[in-house]
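The values are calculated or read from the model by the stated rules, or taken from the named source; none is laboratory data. All values reported here derive from a predicted model rather than from experimental measurement. Here the Cβ positions follow ideal geometry from the backbone for every residue, glycine too, while neighbour counts run over all protein chains shown. For the accessible areas, the whole protein counts, side chains as well, though only heavy atoms, and no ligand, DNA or RNA atoms are used. Shrake-Rupley method; radii C 1.70, N 1.55, O 1.52, S 1.80 Å.
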Amino acid sequence: MATLSFPPSFVWGAATAAYQIEGGHREDGRTDSIWDAFAKVPGAVSGGADGAIACDHYHRMPTDVALLKDLGITNYRFSTSWSRVRPDGLPNPRGLDFYSRLVDELLEAGITPWLTLEHWDLPQSIEQRGGWRVRETAQLFADFTTDVVAKLGDRVSHFITLNEPWCQAFLGYGSGYHAPGRASAAEAVDAAHVLLLAHGLGLERIRELAPSAKAGIVVNLTVANPLDPQNPADQEAARLVEGAQNRVFLDPIFKGSYPSDILESMAGAGLGRIAQPEDFRIISAPMDFIGVNFYNGCQVAGAGAHTQPSEGTAANVPTPAGNDATSEATSQATAKPSPYVGTEGVRWVPRALPHTAMDWEVWAPDLTTALVNLHEEYSGPAGIPIYVSENGAAYDDVVDDHGFVDDSGTRQRYIAEHITAVHDAIEGGANVDGYFVWSFMDNFEWSQGYRARFGVVRVDYDTLERIPKASAGFFSEVITQNSISESRPDLQSVLN
Ligand code: GCO
């Protein structure tokens with residue numbers, strides 16, 4: 001087994017998000033976000049769960065930071081709650097102060113903060129005025145960015161504007177799987193544009209207020225593998241799916257326009273109808289890095305005759321990585337429109353691969369493909385630094401009498417194979433400078449509530465105790481060594 005070493009400057013970290021861990025939802029002036037409101041809708045979240053308490057990080061922040069330090073985690077990606085910082089449109093110093101204390105605590109512990117301004121938790125008061133569907137929200141995001149960067153820009157060196165605009169637009173407004181639970185292709189494409197504009201305006205504020213900070217966005221990319229790589233209809237299906245998830249954001253950001261084929265495939269929904277010409281200059285302003293969240297790829301087929309069995313249909317389009325494709329959610333999928341606007345006729349064809357507890361396929365080589373493609377198609381000769389800003393897996397953990405989870409055969413293996421895939425991408429020429437595991441600890445997994453556990457640290461939701469799993473020890477070791485024993489999917493077990 002070869003040992004794969006990473007460059008000396010490679011960044012290792014762990015990620016979380018405000019609504020998923022903080023709790024304290026009514027404290028110090030915080031008001032509802034769209035996820036507080038969505039969680040109240042019967043059936044929207046598994047088990048009727050919400051983020052009112054979550055991991056109670058709001059009250060346990062110093063000990064959580066101490067645990068990060070104990071685990072040797074040297075970079076921490078977290079997000080700021082807009083509803084805490086600017087509830088109902090007015091700055092709230094008490095809310096912002098929490099993040100100031102968090103940043104101080106991290107720096108004191110020798111941990112570099114990576115701050116995501118918004119990770120899905122739009123204030124509900126803004127949603128009531130149109131949310132991400134209306135252009136005004138991009139301006140409001142810029143105001144929120146100003147508050148955060150003015151206060152923390154002296155200490156935070158890395159800012160991320162938005163997390164996964166695809167999920168926010170297409171799961172939140174297109175399919176209704178996620179808050180705010182709306183299901184309209186037209187609203188989804190409008191939201192996509194407003195999110196892009198918000199990113200651009202946020203970036204402007206970061207540049208003004210913290211000129212030496214590094215800034216970027218985080219997108220969740222998929223890799224669509226054509227069922228038959230030689231079949232033009234399958235190639236077309238793959239192009240459409242990657243277009244509907246990846247290129248619809250990457251092209252405006254890196255090239256200053258929507259891709260022409262996607263303008264066409266999403267014409268019925270009206271992609272770009274609310275765009276103004278100057279938007280694209282704002283959206284495509286240079287960034288210092290791009291973050292990629294990756295969980296899984298997929299296999300797709302186009303219309304036309306195939307002899308292969310077991311093809312998916314529109315009704316079982318898997319909800320993609322970064323959301324809620326468990327079997328329960330998939331059965332609800334029949335009632336919800338596909339988030340893949342403009343891909344009518346495409347069939348998702350499950351591959352004979354292992355699955356996580358989210359029902360997501362496990363195939364780490366897709367991560368290598370995603371990173372190398374991103375590098376080749378978008379990053380230009382200079383090669384913008386790419387960070388894997390989230391990667392990890394939910395499994396049904398088995399807890400021993402001491403509360404310990406030995407996840408070496410599941411989550412740890414998933415992580416090891418994907419870190420190996422990152423190394424392969426670097427060897428393939430992609431400029432990948434870091435890897436953040438999702439997640440530091442088990443947390444509120446959106447529509448799945450608390451039943452999907454992604455943490456390398458277990459959270460006992462009765463006592464709120466944190467207990468590192470085997471994967472946490474493994475990840476610490478990888479960080480210390482700055483290397484990994486090569487770990488590849490066992491093709492034999494995949495094929496059997
Ligand atoms: C996401 C998020 C995380 C999720 C993770 C697992 O992007 O979907 O950034 O909040 O919890 O992806 O689904």
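In this structure the amide hydrogen of Gly13, modeled in the peptide plane, comes within under 5 Å of the amide hydrogens of Tyr435, Phe436, Val437, none closer than 5 places in sequence on its chain. With the simple model of a label 7 Å out from the Cα in the direction of the Cβ, Asp288 to Arg451 spans 4.2 nm. Quarter the surface of the alpha carbon convex hull of segment 4-130 and you get the mean projected area, 9.7 square nanometres. Entry comment: accessible area of segment 17-96 is 36 Å² per residue, from protein heavy atoms only and a probe of 1.4 Å. Taking label positions 7 Å along the Cα-Cβ direction at both Ala267 and Met1, the computed distance is 5.4 nm, reported to one decimal.
Extent of segment 146-251 along its three principal axes (Cα atoms, max minus min coordinate, largest first): 53, 31, 17 Å. What is the distance in Å between the Cα centroid of segment 87-148 and that of segment 448-488? Segment 87-148 and segment 448-488 have Cα centres separated by 27 Å. In this entry, segment 427-496 is assigned a mean projected area of 7.7 nm², taken as a quarter of its C-alpha convex hull surface. At an R0 of 35 angstrom, the distance between the Cβ atoms of Ala335 and Asp396 translates into a FRET efficiency of 0.85. Here is the list for segment 1-102: trypsin sites (Lys or Arg not before Pro) lying in DSSP coil, each with at most 12 other C-beta atoms within 10 angstrom of its C-beta, are Arg26, Lys40. Shown is the FRET efficiency for Ser9 and Asp406, computed with R0 = 41 Å from the Cβ-Cβ distance and rounded to the nearest 0.05: 0.80. Rounded to the nearest 500, the 222 nm mean residue ellipticity of the chain from helices alone is -10500 deg cm²/dmol, with -39,500 (n - 2.57) taken per DSSP H run of at least 4 residues. Once Rg and the Kirkwood radius are both taken over the C-alpha atoms of the chain, their ratio Rg/Rh works out to 0.93. Given a Förster radius of 45 Å and the C-beta distance between Gln139 and Asp462 as r, what FRET efficiency does 1/(1 + (r/R0)^6) yield to the nearest 0.05? The pair Gln139/Asp462 has a calculated efficiency of 0.55. To put it simply, the accessible area of segment 3-495 at a 1.4 Å probe is 52 percent carbon and sulfur.
Which value in nm describes the separation of the simple spin-label points at Ser485 and Asp88, placed 7 Å from the Cα toward the beta carbon? Distance between the two pseudo-spin positions: 5.8 nm.
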